[in-house]
Amino acid sequence: MFEKRPFYTVAIGYAAVGVILNAPSLSGVECSPGTYSIDGINCIEASPGFYVPSSGATEQIPAPLGRFVPGSGATAAIEASPGTYVPAEASSFATLASEGYYVPDFGASSQTPSPKGQFIPIQGATSLDDAVDAPIGKYVAEEGSSEATLAPRGTFVDSVGATAPTPAPPGRYVPGVGATEAI
């Protein structure tokens, strides 16, 4: 898995002089992609969340926002798919969009909330097409909601996609919750 080139030491009197045989760099070892060397002797696999794209590296590179590296020894970071996002560097996983949110693009570092009047009841939504309008009798007052709220007693909702309930007008009343009209 690791390509390790030999480093020979030749003793001359009391001093040791290093002689590199068949190695293109002076580091003593040239590690292959996916590995790096901090001491010039040992190759280390890139850690999860990091990658090494080329040989001869002396450090690993953190996965940027919107990308992740799930395992060791990677040579590239993976772009987050729609419905997922990566909000931090050096991540080893992508996060599913939360209920109430969606992620439409590849390589996203954040999620987008559903608008008022609509809700998204599932995780991993990829577009606003996954949003549901608040039905009559219910409303959605906040962005990023995962469910609609029943109109409270004394109010009603008579239209789809409402962002607030309507109070019963003077002389009329609403005896229960989730009403669609005043009596």
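Against the test of being closer than 24 Å to T126 by Cβ, buried (at least 16 other Cβ atoms within 10 Å of the Cβ) and among the acidic types (D, E), the options E30, E99, E45 yield a single qualifying residue, E99. The condition (being in contact (Cβ under 8 Å) with a residue 40 or more places away in the chain and among the β-branched types (V, I, T)) is satisfied by just one residue among I136, I78: I136.
On the basis of being of a type outside the set (F, W, Y), out of contact with any Lys or Arg (no Cβ under 9 Å at 6 or more places or on another chain) and within 16 Å of V29 (Cβ to Cβ), does G49 make the cut? Let's see the steps before the verdict.
Working: of a type outside the set (F, W, Y): yes; out of contact with any Lys or Arg (no Cβ under 9 Å at 6 or more places or on another chain): yes; within 16 Å of V29 (Cβ to Cβ): no.
The answer is no for G49.
Given the residues G144, G161, G117, which is the only one that is on the phi > 0 side of the Ramachandran plot and under 23 Å from the mean Cα position of the chain (by Cα)? Steps first, answer last, please.
Numbers: G161 fails: under 23 Å from the mean Cα position of the chain (by Cα); G117 fails: under 23 Å from the mean Cα position of the chain (by Cα).
Step by step, each of G144, G161, G117 is checked, and only G144 is on the phi > 0 side of the Ramachandran plot and under 23 Å from the mean Cα position of the chain (by Cα).
If you check A90, A164, A151, A182 for being surrounded by fewer than 17 Cβ atoms within 10 Å (Cβ to Cβ) and in contact with a strand residue (DSSP E or B) (Cβ under 7 Å, 6 or more places away or on another chain), only one passes: A164. Residue pairs, Cβ under 8 Å, 6 or more apart or interchain, first in the range 107-132 and among the basic types (K, R) and in a loop (DSSP other than H, G, I, E, B), second at pLDDT below 95 and surrounded by fewer than 18 Cβ atoms within 10 Å (Cβ to Cβ). List them. Once the first residue is among the basic types (K, R) and in a loop (DSSP other than H, G, I, E, B) and sits in the range 107-132, no partner that is at pLDDT below 95 and surrounded by fewer than 18 Cβ atoms within 10 Å (Cβ to Cβ) comes close enough. For the range 61-87, the tally of residues that are surrounded by fewer than 17 Cβ atoms within 10 Å (Cβ to Cβ) and of a type in the set (G, A, S) stands at 4.
Which ones in the range 25-67 are among the acidic types (D, E) and assigned to a loop (DSSP other than H, G, I, E, B)?
Taking the range 25-67 and keeping what is among the acidic types (D, E), we get 30, 39, 45, 59.
Result: E30, D39, E59.
Taken over the range 116-148, the criterion of being closer than 23 Å to V174 by Cα, touching a Phe, Trp or Tyr at 6+ places or on another chain (Cβ under 6 Å) and surrounded by 15 or more Cβ atoms within 10 Å (Cβ to Cβ) is satisfied by V140, A148.
For the range 84-102, state whether one or more residues are modelled with pLDDT of 95 or more, among the aliphatic types (A, V, I, L, M) and closer than 19 Å to P33 by Cβ. Yes, the conditions are met somewhere in the range 84-102.
The values are calculated or read from the model by the stated rules, or taken from the named source; none is laboratory data. Bear in mind the structure is a predicted one, so any value in this text is a computation, not a measurement. When we count neighbours, we look across all protein chains shown, and the Cβ atoms used for this are built from the backbone with ideal geometry, even at glycine.
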